[in-house]
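The numbers here are math on the coordinates, done by the rules we state, and not lab data. Please read all numbers here as calculations on a predicted model, not as lab measurements. Neighbour counts are summed over all protein chains in view; Cβ atoms, including those assigned to glycine, are modelled from backbone coordinates with ideal geometry.
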Ligand code: AMP
Ligand code: ZN
């Protein structure tokens, strides 16, 4: 369920400091350490899934819940009405830096994403 070398698994377990804004039995959301906009939240499954290439049919309830949490967070953070971007990077060409599946919820101005 977890990868002992994964930084996001350590954040989920509370083993390293982070700015967690939501956590439940399936997902954790925390502020990106290097925000590219006024709102930049990462939504991750508590289960270690490296990226979308290893996503399995049995994980579908997790993905659905991630989208529900995105909607709730967007409302709470008051970016729902004006809109936002939801980004999922996969693999080298997708510029995925952390090998634990995550959605970037990015809203507000100025917005500096994607980079490069
Ligand atoms: P990606 O390129 O999609 O893999 O994005 C990884 C994101 O994780 C980047 O936006 C980083 O700023 C962010 N990040 C890396 N380490 C941490 C951390 N310890 N806490 C919060 N965000 C992080
Ligand atoms: Zn992990």
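So residue 61 ticks every box in (1) away from ligand 2 (no atom under 16 Å from the Cβ); (2) surrounded by 15 or more Cβ atoms within 10 Å (Cβ to Cβ) but one. Which box is left unticked?
Of everything listed in (1) away from ligand 2 (no atom under 16 Å from the Cβ); (2) surrounded by 15 or more Cβ atoms within 10 Å (Cβ to Cβ), residue 61 misses just condition (2).
Quick one: which residue in 25, 60, 15, 78 is out of contact with any strand residue (DSSP E or B) (no Cβ under 8 Å at 6 or more places or on another chain) and on the phi > 0 side of the Ramachandran plot?
Going through 25, 60, 15, 78 in turn, just one is out of contact with any strand residue (DSSP E or B) (no Cβ under 8 Å at 6 or more places or on another chain) and on the phi > 0 side of the Ramachandran plot: 78.
With (1) within 16 Å of ligand 1 (Cβ to nearest atom); (2) surrounded by fewer than 16 Cβ atoms within 10 Å (Cβ to Cβ); (3) farther than 19 Å from residue 27 by Cα as the list, and residue 82 as the residue in question, which single condition is left unmet?
Exception for residue 82: condition (1).
Name, by its number, the condition in (1) closer than 18 Å to residue 114 by Cβ; (2) part of a loop (DSSP other than H, G, I, E, B); (3) more than 13 Å from ligand 2 (Cβ to nearest atom) that does not hold for residue 86.
If we test residue 86 against (1) closer than 18 Å to residue 114 by Cβ; (2) part of a loop (DSSP other than H, G, I, E, B); (3) more than 13 Å from ligand 2 (Cβ to nearest atom), just (2) comes out false.
Residue 96 fails exactly one of the following numbered conditions: (1) in contact with a helix residue (DSSP H, G or I) (Cβ under 7 Å, 6 or more places away or on another chain); (2) in a loop (DSSP other than H, G, I, E, B). What is the number of that condition?
Just one mismatch for residue 96, condition (1).
Of all residues in region 4-41, which are surrounded by fewer than 14 Cβ atoms within 10 Å (Cβ to Cβ), farther than 19 Å from residue 66 by Cβ and within 15 Å of ligand 2 (Cβ to nearest atom)?
4, 5, 14, 15, 16
Given the criteria more than 15 Å from ligand 1 (Cβ to nearest atom), under 12 Å from the mean Cα position of the chain (by Cα) and either more than 19 Å from residue 2 (Cβ to Cβ) or in a loop (DSSP other than H, G, I, E, B) (or both), does residue 106 qualify?
no
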